[in-house]
Amino acid sequence: MLKRITRLCFISILFFLPSMAFGVKLSCTVTIVDIHAAPVSDAEVAAYESEYDRLTRTEKPRMLCDTQKTNADGKVVLELDYKSARRVMIVAHKVGYAIGWDMLPYNDIAAANINIVLDKPVKFVGRLVDVKGQPVVNASVEAQPKISKMRRLEQRPVIGPAEWMTTSTGKDGRFQWSCFGADVRSDFLVTLAGEKTTYKFTPHRTSSCGFEAGREDICLTAPKSVAVQGKVVDEEGKGVADMVVVIKPDHQDKKSRNEYATMNSITDKNGGFLFENVPQRNHFVIVFNTDFSKPWVDKTIVINAADSEARNNVVIQLETGCVVEVSVLDESTQKPIENFLLMFSKSPGNENEWWFSRD
């Protein structure tokens, strides 16, 4: 049951099952074998859960337990504590083999037994250059490998220890791995030396696409970048301090051949913010209110960083919101339900009174 919400327009409330708010504990037995089904001993095995970051609106990995090694039988037991099996990934690695991974099974997780096959590795080589074609040295390049041969993986990029997936460019701008199987496709996250921006390179935004492992002719071009700066103000034009400001790619910009990882900043005492090393293209700039004692409503605008006037004088004016009081009760007992996750989001609609109930 929910209390009525008045004077609220373009808002929807999403309910999530109570079970999602509680941790699940599980002893997971993982068996690692090679392509001949022989046990692989001393393979490193890790477990991660993907969590949604509201500020950057991206998925962030959370390590569920310390990395452990398999025994002589290729087995290891991981003690896991997670929120959703659909977001948990088990990943395994040993030098001389390709990295392998799998998701926790959706059903019968109480008796979870994961079998992972470590394939033969192939070379995966590329080169990073600037807009003039000159090699870019000492850049960090992180692979985001994925495969589509198993339905439940759904082309999800593997999440695992960063050191397994990351290399750096040499004096000729070259980077390479020898830890991925021939069936892998991958996007790349590139961070240039001395910069905070991380660029994402992918041949296509479709999740099943990626650069094919085994290639040695990949060439990535680091985009020319600029600074974006501006100010967050209230309804009277005064600067608003301590607001979270996020900049992220405009995915409708079809001309872009690469993306970049979402960045966030905090406004200073005058409401000012600054983002360095931003590609010259269209971007979303989003202001979040993370302090619910403040009255401000989140706001999103689009800017063109190729326009010097637009990128140097971004002004985002906030609006005052209203208080929404919600009560969630058990239908049979009419008692309050704790740890019930709710989310408010904008949605098309008329400016009417809204109220919601759970079936």
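Six or more apart or on different chains, Cβ atoms under 6 Å: show the pairs whose first residue is in segment 230-252 and of a type outside the set (A, V, I, L, M, F, W, C) and surrounded by 14 or more Cβ atoms within 10 Å (Cβ to Cβ) and whose second is assigned to a loop (DSSP other than H, G, I, E, B) and at pLDDT below 90.
Once the first residue is of a type outside the set (A, V, I, L, M, F, W, C) and surrounded by 14 or more Cβ atoms within 10 Å (Cβ to Cβ) and sits in segment 230-252, its partners that are assigned to a loop (DSSP other than H, G, I, E, B) and at pLDDT below 90 give LYS248/THR262.
Name the pairs whose Cβ atoms lie under 7 Å apart, with the first residue in segment 132-146 and without any contact (Cβ under 8 Å) to a residue 24 or more places away in the chain, the second in a strand (DSSP E or B), and 6 or more positions between them or separate chains?
No pair meets every condition.
Would you confirm, using the coordinates I've provided, whether ALA227 is surrounded by fewer than 17 Cβ atoms within 10 Å (Cβ to Cβ) and in contact (Cβ under 8 Å) with a residue 40 or more places away in the chain?
Yes.
Those residues that are in a loop (DSSP other than H, G, I, E, B) and closer than 20 Å to LYS248 by Cβ, I need them from segment 160-206; list them, please.
Residues satisfying the conditions are LEU192, GLU195, LYS196, THR197, THR202, HIS204, ARG205, THR206.
Show the residue pairs meeting these rules: Cβ distance below 7 Å; 6+ apart or different chains; first residue within segment 328-353 and farther than 18 Å from VAL297 by Cα; second residue exposed (fewer than 10 other Cβ atoms within 10 Å of the Cβ) and modelled with pLDDT of 80 or more.
From segment 328-353, the pairs are LEU329/LYS335; PRO336/SER327.
The values are calculated or read from the model by the stated rules, or taken from the named source; none is laboratory data. Only a predicted model underlies this, so the values are computations on that prediction, with no experimental measurement involved. Cβ coordinates were reconstructed from backbone atoms using ideal geometry, including for glycine residues, and neighbour counts include every protein chain displayed.
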